[in-house]
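J.: I'd like to ask some things about the structure below.
The values are calculated or read from the model by the stated rules, or taken from the named source; none is laboratory data. These numbers were taken from a predicted model, which means no experiment stands behind them. Counting neighbours? That spans all protein chains shown, and the Cβs are built from the backbone with ideal geometry, glycine included. With ligands, DNA and RNA removed, areas are computed over all heavy atoms of the protein, side chains included. Shrake-Rupley method; radii C 1.70, N 1.55, O 1.52, S 1.80 Å.
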Amino acid sequence: MSSMYFTEEHDFFRKSFQDFLQKEVVPHIEKWEKTGHIERFIWKKFGEMGYFGINYPEAYGGMQLDLFYTVIFLEELQKVNSGGFAAAMWAHAYLAMTHLNKEGNQEQKQKYLTPSINGEKIGCLCVTEPFGGSDVSGMRSTAVKKGDTYVINGSKTFITNGVYSDYLIVAAKTAPELGNKGISIFVIDRETPGISSTKLDKLGWRASDTGEIAFDNVVIPAGNLMGEENQGFPYIMQHFALERLIMGINAHARSEFALDYTIQYMKDRMAFGKSISKFQALRHRVAQLSSEVEVCKTFNYVTAKRLNDGEYVVKEASMSKLISTKVADEVMYDCLQLLGGYGYMEDYPLARLLRDSRLGPIGGGTSEILREIIAKMVIDGKKYKKAT
């Protein structure tokens with residue numbers, strides 16, 4: 001299957017990225033997991049190597065490569081055993097930067113996208129609110145136009161890179177009376193007066209800074225509006241397809257990482273005079289899990305190919321995240337069990353993998369929301385179209 005989607009150039013990229021991660025990232029993971037702060041130098045190194053510009057236009061410093069380079073980027077990030085570090089990198093590159101690339105004008109791209117690609121600026125996407133969650137249309141943040149400015153008030157929560165980022169892509173209602181048809185998107189500098197952030201204490205993803213952000217009469221130029229006014233909701237919905245596929249790919253990749261580690265542990269672990277990899281009950285559980293992961297990966301690759309070809313895969317991306325994250329949680333739970341007491345120890349990778357994986361069915365749209373989206377499409381015949 002690999003040869004269907006990955007060329008020799010892809011394979012070379014994977015190997016070079018693996019080497020980069022082992023040399024530049026892995027030695028610092030434990031520190032970042034403890035401090036919850038990923039140091040700035042690594043962002044710059046990612047930028048210098050071109051990793052943030054994989055699928056962005058050459059005009060802004062990117063390489064404009066196909067989506068399977070992104071697949072490799074995501075898969076290998078899962079193998080450093082820090083869901084938080086991986087999330088910080090892909091939330092910057094594929095949440096904040098996606099909006100900049102798709103809705104930003106030339107001036108905005110030069111000011112924010114170019115330094116984002118080279119690792120000089122870090123971005124975050126601010127959509128989720130304390131009272132909104134997966135209900136994007138229920139957001140309460142407002143952006144009131146006054147002359148040649150907008151005044152923003154409200155709050156966001158669960159924002160990856162929400163504390164240490166340099167700029168924020170913010171969704172707010174410019175016409176609250178229109179509901180989801182009155183949402184707009186803005187780019188805002190972190191140092192703008194009236195912005196404050198609080199770091200949240202999480203079960204997993206410990207290395208990333210997840211923040212709750214408050215906007216208190218934040219005045220920004222009208223030129224900070226991205227795309228058209230009141231078109232923010234379809235912009236957000238459109239990009240959810242990529243975000244959900246990303247989380248599906250992340251899920252199958254961390255599942256493979258967990259299984260590879262567990263299989264090697266089983267081969268090395270002796271009980272009752274033989275390797276525990278020889279016990280049928282354990283062997284068959286690994287066989288079942290491996291089969292489910294392979295099915296997820298195959299589906300995710302097909303969906304990535306369709307997205308790369310320009311199709312709008314909102315249904316398939318929702319299915320990818322729904323099933324892949326469910327399978328990943330099962331893999332982590334059972335792999336931890338297969339390690340016995342050692343699975344419960346922080347010195348072994350499964351404890352962190354279990355915690356980090358648990359966010360999969362929650363972030364980027366809960367599994368409950370995804371089931372309803374899928375139901376609307378397969379039962380009610382609803383069709384979704386691209387906004388841009």
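J.: Quick check on region 360-380. Is at least one of its residues farther than 21 Å from residue 240 by Cβ and without any contact (Cβ under 8 Å) to a residue 12 or more places away in the chain?
T.: Scanning region 360-380, I find no residue that is farther than 21 Å from residue 240 by Cβ and without any contact (Cβ under 8 Å) to a residue 12 or more places away in the chain, so the answer is no.
J.: Is there a residue being part of a helix (DSSP H, G or I), small (Gly, Ala, Ser), farther than 20 Å from residue 319 by Cα and over 34 Å from the mean Cα position of the chain (by Cα) anywhere in region 279-295?
T.: Checked region 279-295: at least one residue is part of a helix (DSSP H, G or I), small (Gly, Ala, Ser), farther than 20 Å from residue 319 by Cα and over 34 Å from the mean Cα position of the chain (by Cα).
J.: Only residues that are open to solvent by less than 70 Å² (accessible area, probe 1.4 Å), polar (S, T, N, Q) and closer than 22 Å to residue 359 by Cβ: list them for region 164-203, please.
T.: Answer for region 164-203, where residues must be open to solvent by less than 70 Å² (accessible area, probe 1.4 Å), polar (S, T, N, Q) and closer than 22 Å to residue 359 by Cβ: 165, 197.
J.: Something else now. Looking at (1) touching a residue at least 60 places away in the same chain (Cβ under 8 Å); (2) of a type outside the set (Lys, Arg); (3) touching an Asp or Glu at 6+ places or on another chain (Cβ under 7 Å); (4) assigned to a strand (DSSP E or B), find the lone condition where residue 213 falls short.
T.: (3)
J.: Inspect region 69-85 for any residue being farther than 26 Å from residue 362 by Cα, surrounded by 22 or more Cβ atoms within 10 Å (Cβ to Cβ) and of a type in the set (Val, Ile, Thr) and give the result as yes or no.
T.: Checked against the condition, which is being farther than 26 Å from residue 362 by Cα, surrounded by 22 or more Cβ atoms within 10 Å (Cβ to Cβ) and of a type in the set (Val, Ile, Thr), region 69-85 yields no hits at all.
J.: Between a first residue in region 236-255 that is open to solvent by 10 Å² or more (accessible area, probe 1.4 Å) and a second residue that is among the charged types (D, E, K, R) and not in a helix (DSSP H, G or I), which pairs have beta carbons less than 8 Å apart while being 6 or more apart in sequence or on different chains?
T.: Qualifying pairs under 8 Å: 238/386.
J.: If you don't mind, another one. Go through the residues of region 243-262 one by one and say whether even a single one is of a type in the set (Phe, Trp, Tyr), part of a helix (DSSP H, G or I) and closer than 29 Å to residue 356 by Cβ.
T.: Residues of region 243-262 that are of a type in the set (Phe, Trp, Tyr), as a first pass: 257, 261.
Retained after the next criterion (residues that are part of a helix (DSSP H, G or I)): 257, 261.
With closer than 29 Å to residue 356 by Cβ added as a condition, the list becomes 257, 261.
Yes, because at least one residue in region 243-262 is of a type in the set (Phe, Trp, Tyr), part of a helix (DSSP H, G or I) and closer than 29 Å to residue 356 by Cβ.
J.: In this structure, is residue 115 under 30 Å from residue 48 (Cβ atoms) and surrounded by fewer than 20 Cβ atoms within 10 Å (Cβ to Cβ)?
T.: Numbers: under 30 Å from residue 48 (Cβ atoms): yes; surrounded by fewer than 20 Cβ atoms within 10 Å (Cβ to Cβ): yes.
Against the criterion (under 30 Å from residue 48 (Cβ atoms) and surrounded by fewer than 20 Cβ atoms within 10 Å (Cβ to Cβ)), residue 115 qualifies.
J.: Go through (1) open to solvent by less than 30 Å² (accessible area, probe 1.4 Å); (2) in a helix (DSSP H, G or I); (3) out of contact with any strand residue (DSSP E or B) (no Cβ under 7 Å at 6 or more places or on another chain) one by one and return the number of the condition residue 41 breaks.
T.: (1)
Listed here are the residues, each with its yes/no results for (1) within 21 Å of residue 75 (Cβ to Cβ); (2) open to solvent by less than 60 Å² (accessible area, probe 1.4 Å).
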{"residue": "282", "(1), (2)": "no, yes"}
{"residue": "318", "(1), (2)": "yes, yes"}
{"residue": "333", "(1), (2)": "no, no"}
{"residue": "348", "(1), (2)": "no, no"}
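J.: Could you check, for region 55-64, whether at least one of its residues is free of Cβ contacts under 8 Å to residues at least 40 places away in the same chain, farther than 30 Å from residue 200 by Cα and under 18 Å from the mean Cα position of the chain (by Cα)?
T.: Yes - at least one qualifying residue is present in region 55-64.
J.: Could you look through region 236-258, keep only residues that are in contact with a Gly (Cβ under 6 Å, 6 or more places away or on another chain) and not small (Gly, Ala, Ser), and pick out the one that is nearest to residue 171 (Cα to Cα)?
T.: Here the answer is 243.
J.: Only one residue in 264, 288, 337 is farther than 20 Å from residue 74 by Cα and touching a Gly at 6+ places or on another chain (Cβ under 7 Å). Which one? Steps first, answer last, please.
T.: Working: 264 fails: touching a Gly at 6+ places or on another chain (Cβ under 7 Å); 288 fails: touching a Gly at 6+ places or on another chain (Cβ under 7 Å).
Step by step, each of 264, 288, 337 is checked, and only 337 is farther than 20 Å from residue 74 by Cα and touching a Gly at 6+ places or on another chain (Cβ under 7 Å).
J.: Being open to solvent by less than 10 Å² (accessible area, probe 1.4 Å), in contact with a helix residue (DSSP H, G or I) (Cβ under 7 Å, 6 or more places away or on another chain) and assigned to a strand (DSSP E or B) is the requirement here; does residue 159 meet it? Spell out the reasoning first.
T.: Numbers: open to solvent by less than 10 Å² (accessible area, probe 1.4 Å): yes; in contact with a helix residue (DSSP H, G or I) (Cβ under 7 Å, 6 or more places away or on another chain): no; assigned to a strand (DSSP E or B): yes.
No: the conditions fail for residue 159.
J.: When you look at residue 370, is it modelled with pLDDT of 95 or more and touching a helix residue (DSSP H, G or I) at 6+ places or on another chain (Cβ under 6 Å), yes or no?
T.: So residue 370 fits the description; yes.
J.: Suppose we filter 152, 122 for residues that are aliphatic (A, V, I, L, M) and in contact with a His (Cβ under 6 Å, 6 or more places away or on another chain); which single one remains?
T.: Just one listed residue meets the conditions, 122.
J.: Okay, moving on. Tell me yes or no: at least one residue of region 126-146 is farther than 21 Å from residue 240 by Cα, more than 17 Å from the chain's Cα centre (by Cα) and among the acidic types (Asp, Glu).
T.: No, every residue in region 126-146 fails to be farther than 21 Å from residue 240 by Cα, more than 17 Å from the chain's Cα centre (by Cα) and among the acidic types (Asp, Glu).
J.: Sticking with this structure for a sec: Condition check: among the β-branched types (Val, Ile, Thr) and in a loop (DSSP other than H, G, I, E, B). Does residue 198 satisfy that?
T.: No, not satisfied.
J.: Is there any pair linking a residue in region 168-193 that is under 19 Å from residue 146 (Cα atoms) to one that is basic (Lys, Arg), with Cβ under 8 Å and at least six apart or on different chains, and which?
T.: 170/156; 173/140; 174/145; 175/181; 182/173; 183/173; 184/173
J.: Here's something else I'd like to know. Looking at this structure, is residue 161 modelled with pLDDT of 95 or more, of a type in the set (S, T, N, Q) and under 24 Å from residue 250 (Cα atoms)?
T.: In short, yes.
J.: Pairs only if they're at least six apart or on different chains, beta carbon under 7 angstrom, first in region 322-340 and of a type in the set (Ser, Thr, Tyr), second open to solvent by 40 Å² or more (accessible area, probe 1.4 Å) and modelled with pLDDT of 95 or more; list them, first residue then second.
T.: Taking only residues 6 or more apart or on different chains, the pairs are 333/354.
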